[in-house]
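Structure first, commentary second.
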Amino acid sequence: MNSRSTGDLNKVYQFSEDITESRARILVTMYNEQKRGSTSSKRRNSRIENLRVRINRLTLMRHDEIMRVYSNVTLNRNMSPLPPLPPRRRRLVVSTKPLPLSSSPSSRSVIAPQPLPPILSLKITHIEKTEPNSITIDMVPNSFEPDNETDEEEDIIYPEGVTDFHPYKIVARYRKVTGKSTNFRLEPLLVGEDSTETLVLGLENFAQQHGCNLSFTDEDLLFDKSVYRAACGVADLGSIHLLATDSLLTASFQFEIDLDYDSEFDQSEDNIEKFVLDFCETISKVLTCENNNVRVFSINKLAKGSGKSEVNFGLTTPDPERTEQLAHDLQTYARSGFATDTILRHVKPGEYECKWKPVVSYLQVRPSDLAPEFNYDYRAPGVPLELKRGNYPYYLPIDWFRHALNVLHKYTTDSTWLGCVNAEGEWPVAFHGTRSDAVNSIVQQGLLPSAARLDVVKYEAIQQMGEEANHPGLYVATHCNGGSHPQYTTPFTVTTFPQKSEQFRIVFQCRVQPGKFTTHSTPVQKGKAWRIVDPSAVRPYGILLKKEDSSKEDEKT
């Protein structure tokens, strides 16, 4: 066993600590600069650039040491010496108590900046034995509380003659949160393009398309952290475009462990919870990532009498390239096995396949996320075909009805980005459908994000923007009709009575940050496509709803 390694595992840990320290220095420097409101100086920029060079070299050195430790492979690189860490200018004191009220310089403390990204701890909300030899686990952020789907069913009074109860159950849960009656005989289910209840049914259908459940809450949350919550398994209307574009992919693994399913897991939920939390914590320490980047989805029994089990889990971060690197590092560690003093000692060493797929458990909707005072009817006569937003053409979605999202202060207190007067600081308008064919068909094969995505204009984008565009991209369209619709939309059906069904489609209306996208002629049929690599540069602010014209559809076929 001793001959397998020529490297030093302690060096790996030291490199990881040095990387974390260097990243912290960058964050502190940027925070102090922002706090003072000063512009960037050449000296500060040089400090930050040296720190970034240091991080890149430390990452390479850590990778090489991992290869020596676990694969007995020695890599020779010609690298210049590491830039030294700049000296700390002041001591950082993290305080959870109010600062003392004193004007004396000696009594002042400097509060460390809030961690970026935000630390969202996870909890286990549900453990269920779905099959004789399989246990599923739901892990979500601590702040998330799923609504109980069964609580409302006893109070529902259905119209006479109804055979499909599903739409009534969904709307009843929404009505419960808003304090409205679930007696559908007195207050019928409202079906139409301008109906919030029809929108709710459309969102439920959208959630099901993307493998997650719709959940309602009256808790008010900002959208500025939506991307991070979605990476932890809970999307909302601030990150719904990431579901539509499959931009948050999870690196999924199935590890074989030498723990007996019947004695260790089948008899005790406490054992399951302890194992899952310990497993996630240890994986995150090995990879030097946040604990919330790791989620366990299920534990399965292997062959009868083998005394072994299988853990299905995944790695997810808001950055696809970061997720891909973590997955690669985990595969490297797993080839030779893990340390014998942690829960990972039970993992069988081997070549483990990584499959890529979106794994979001919930789409959370709050009634306060909607802003009906800003709804807009593009079906009305006299609506112009084109306006301008942020000095870009705005092609209005004629024949659609917009259900506005409450975004006025959800991202920032400055609402200039949402302006409607074509002023400086406005973000232009774009659209995205409920699905992304360019991604879905290949993601299902489980390939790496960098290889799987049909990122058809990536190199064209790099020519326009430079290396900043050399990352996985998501696409929006300048036109709703002919751009996002119908190519990237899927109809959903609302059945209220056996002989009464209507079909609708959904498109997301978004604002896109200027300077953060490149412009292309494909993959849309009309107008332009905008390619974005930063998911936070896209902000949904409306959901468009349109009834399917069955006569026109019949003509097409």
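Considering only residues in segment 377-411 that are hydroxyl-bearing (Ser, Thr, Tyr) and touching an Asp or Glu at 6+ places or on another chain (Cβ under 7 Å), the one that is surrounded by the fewest Cβ atoms within 10 Å (Cβ to Cβ) turns out to be Tyr378.
Quick grid of which residues meet (1) assigned by TED's automatic domain parsing to the domain that holds His432; (2) farther than 18 Å from Val533 by Cβ; (3) among the basic types (Lys, Arg); (4) in a loop (DSSP other than H, G, I, E, B):
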| site | (1), (2), (3), (4) |
| --- | --- |
| Leu214 | no, yes, no, no |
| Asp218 | no, yes, no, yes |
| Val227 | no, no, no, no |
| Ala230 | no, no, no, no |
| Leu242 | no, no, no, no |
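If only residues of segment 460-485 that are surrounded by fewer than 17 Cβ atoms within 10 Å (Cβ to Cβ) and either charged (D, E, K, R) or in contact with a Lys or Arg (Cβ under 8 Å, 6 or more places away or on another chain) (or both) are counted, the one that is modelled with the highest pLDDT is Glu460.
Residues in segment 153-198 that are of a type in the set (Gly, Ala, Ser) and assigned to a loop (DSSP other than H, G, I, E, B): Gly161, Gly179, Ser181, Gly192, Ser195. Being under 30 Å from Glu131 (Cα atoms) and more than 19 Å from the chain's Cα centre (by Cα) is a property that does not hold for Asp194. The set of residues in segment 311-333 being free of Cβ contacts under 8 Å to residues at least 60 places away in the same chain and farther than 20 Å from Asp262 by Cβ consists of Asp319, Arg322, Gln325, His328, Gln331. No other residue among Lys285, Lys274 is in a helix (DSSP H, G or I) and either farther than 17 Å from Tyr333 by Cβ or touching a Ser or Thr at 6+ places or on another chain (Cβ under 7 Å) (or both) apart from Lys274.
For segment 251-296, a tally of residues being under 29 Å from His210 (Cα atoms), of a type in the set (Val, Ile, Thr) and at pLDDT below 95 returns 0. Counting the residues of segment 486-503 that are among the β-branched types (Val, Ile, Thr) and either modelled with pLDDT under 85 or not in a loop (DSSP other than H, G, I, E, B) (or both) gives 4. I'd like to check something: does segment 297-304 contain any residue that is under 29 Å from the mean Cα position of the chain (by Cα) and closer than 30 Å to Val533 by Cα? Scanning segment 297-304, I find at least one residue that is under 29 Å from the mean Cα position of the chain (by Cα) and closer than 30 Å to Val533 by Cα, so the answer is yes.
For every residue, the table says whether it meets (1) surrounded by 22 or more Cβ atoms within 10 Å (Cβ to Cβ); (2) touching a residue at least 40 places away in the same chain (Cβ under 8 Å).
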| site | (1), (2) |
| --- | --- |
| Asn271 | no, no |
| Cys280 | no, yes |
| Ser309 | yes, yes |
| Arg335 | no, yes |
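The set of residues in segment 190-224 being among the hydrophobic types (A, V, I, L, M, F, W, C) and surrounded by 20 or more Cβ atoms within 10 Å (Cβ to Cβ) consists of Leu199, Val200, Leu201, Leu203, Phe206, Ala207, Cys212, Leu214, Phe216, Phe223. Scanning segment 337-366 for residues that are of a type outside the set (A, V, I, L, M, F, W, C), free of Cβ contacts under 8 Å to residues at least 60 places away in the same chain and assigned to a loop (DSSP other than H, G, I, E, B) turns up Gly337, Thr340, Asp341, Pro349, Glu351.
The values are calculated or read from the model by the stated rules, or taken from the named source; none is laboratory data. Since the structure is predicted, the reported quantities are computational estimates derived from the model, not experimental observations. Here Cβ is always computed from backbone atoms with ideal geometry, including for glycine, and neighbour counts include all displayed protein chains.
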